[in-house]
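Q: Please see the structure below; I have some questions.
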Amino acid sequence: MELCFATNNQHKLQEVSAQLGDTFILKTLRDIGCQDELPETSGTIAGNSRQKADFVWTHFGISCFADDSGLEVDALDGEPGVDSAFYSGSRDAAKNIQKLLLNLADKPNRSARFVTVFTLLLHGVEHQFKGTIEGQILTVPRGTGGFGYDPVFLPNGQDRTFAEMSIEEKTAMSHRSRALAQMVEYLEKQIP
Ligand code: ITT
């Protein structure tokens, strides 16, 4: 079964390809000739996820999925949340982390979670799948792997940040892989 992953984020693509294996033929936006910036204006993670998948289905007519993700920090009332990618005003991970650490400087509660919602549009029919992982925001970034807020996110029960793990290690526990596992389970039931 061919499925397009509606993302311009190469890190997400790597993580998802590593987990999907050979069961599905994964098409990228480049493969289907889509060079557009995907819309993300709904104001919610689930809504943005839907918007990205809808865009590909509407313009390219191919079964597809998209994910929208964000970091929810309890002491900041769920910020940066849906604004995670542009928290500092630009899509710059180092600046986003800097702003996050500044806003958390006087806050003893460092608990946070990554949230992902996948939207699958299978022949135009929508299904959504949600994954989360709980953790703590460190005061100093650690590690060079991963992307986004990975250097300051320490999953609960772990002694390394997502940025200190290999893709496989992160994928074994991440919000994205938890949502993706549900989507794969659903898709496998659709295959005769
Ligand atoms: P696409 O929309 O093209 O898929 P994106 O990077 O814009 O790619 P999101 O809208 O889902 O992706 O962005 C959410 C932001 O949340 C992302 O840019 C990161 O800053 C952060 N984020 C999401 N998942 C993350 C992860 O696994 N590790 C670290 N940060 C993550």
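Q: Being more than 13 Å from the ligand (Cβ to nearest atom) and either in a helix (DSSP H, G or I) or touching a residue at least 12 places away in the same chain (Cβ under 8 Å) (or both) is the requirement here; does GLU169 meet it? Before you say what the answer is, go through the steps one by one.
A: Values: more than 13 Å from the ligand (Cβ to nearest atom): no; either in a helix (DSSP H, G or I) or touching a residue at least 12 places away in the same chain (Cβ under 8 Å) (or both): yes.
Against the criterion (more than 13 Å from the ligand (Cβ to nearest atom) and either in a helix (DSSP H, G or I) or touching a residue at least 12 places away in the same chain (Cβ under 8 Å) (or both)), GLU169 does not qualify.
Q: Looking only at segment 149-164, which residues are free of Cβ contacts under 8 Å to residues at least 40 places away in the same chain and either near the ligand (Cβ under 10 Å from one of its atoms) or assigned to a loop (DSSP other than H, G, I, E, B) (or both)?
A: Taking segment 149-164 and keeping what is free of Cβ contacts under 8 Å to residues at least 40 places away in the same chain, we get 150, 154-164.
Listed by number, the residues that qualify are ASP150, ASN156, GLY157, GLN158, ASP159, ARG160, THR161, PHE162, ALA163.
Q: Can you work out which of the residues in segment 67-81 that are among the aliphatic types (A, V, I, L, M) and farther than 20 Å from PHE162 by Cα is nearest to the ligand (Cβ to nearest atom)?
A: Per the stated criteria, the residue is LEU76.
Q: Is segment 89-105 home to any residue that is near the ligand (Cβ under 10 Å from one of its atoms), out of contact with any Phe, Trp or Tyr (no Cβ under 6 Å at 6 or more places or on another chain) and not in a helix (DSSP H, G or I)?
A: Yes, the conditions are met somewhere in segment 89-105.
Q: Given the options THR119, THR161, THR171, THR132, name the one that is open to solvent by less than 20 Å² (accessible area, probe 1.4 Å) and closer than 30 Å to PRO39 by Cβ.
A: THR119
Q: Here's something else I'd like to know. Taking segment 38-49 as the region of interest, how many residues are closer than 24 Å to GLU2 by Cβ, open to solvent by 10 Å² or more (accessible area, probe 1.4 Å) and under 13 Å from the mean Cα position of the chain (by Cα)?
A: 0
Q: Given (1) of a type outside the set (Ser, Thr, Tyr); (2) away from the ligand (no atom under 13 Å from the Cβ); (3) within 30 Å of SER42 (Cα to Cα), identify the lone condition not met by GLY146.
A: That leaves (2) as the condition not met.
Q: Same structure again: Looking for whichever is in contact (Cβ under 8 Å) with a residue 60 or more places away in the chain and either open to solvent by 20 Å² or more (accessible area, probe 1.4 Å) or of a type in the set (Asp, Glu) (or both) here; the options are GLY145, GLY124, GLY89. Which one fits? Break it down stepwise before answering.
A: On the way: GLY145 fails: in contact (Cβ under 8 Å) with a residue 60 or more places away in the chain; GLY89 fails: in contact (Cβ under 8 Å) with a residue 60 or more places away in the chain.
GLY124 is the lone residue from the list that is in contact (Cβ under 8 Å) with a residue 60 or more places away in the chain and either open to solvent by 20 Å² or more (accessible area, probe 1.4 Å) or of a type in the set (Asp, Glu) (or both).
Q: When ASP83 is evaluated against the numbered criteria (1) touching a strand residue (DSSP E or B) at 6+ places or on another chain (Cβ under 6 Å); (2) of a type in the set (D, E, K, R); (3) at pLDDT 95 or above; (4) open to solvent by 50 Å² or more (accessible area, probe 1.4 Å), which criterion, by number, is the only one it fails?
A: Looking at each condition in turn, ASP83 falls short on (1).
The values are calculated or read from the model by the stated rules, or taken from the named source; none is laboratory data. Not measured: the values here are computed from a predicted model. Note that each Cβ is placed from the backbone with ideal geometry, even for glycine, and that neighbours are counted across all protein chains shown. Just so you know, the surface numbers come from the protein's heavy atoms only, side chains and all, with ligands and any DNA or RNA stripped out. Shrake-Rupley method; radii C 1.70, N 1.55, O 1.52, S 1.80 Å.
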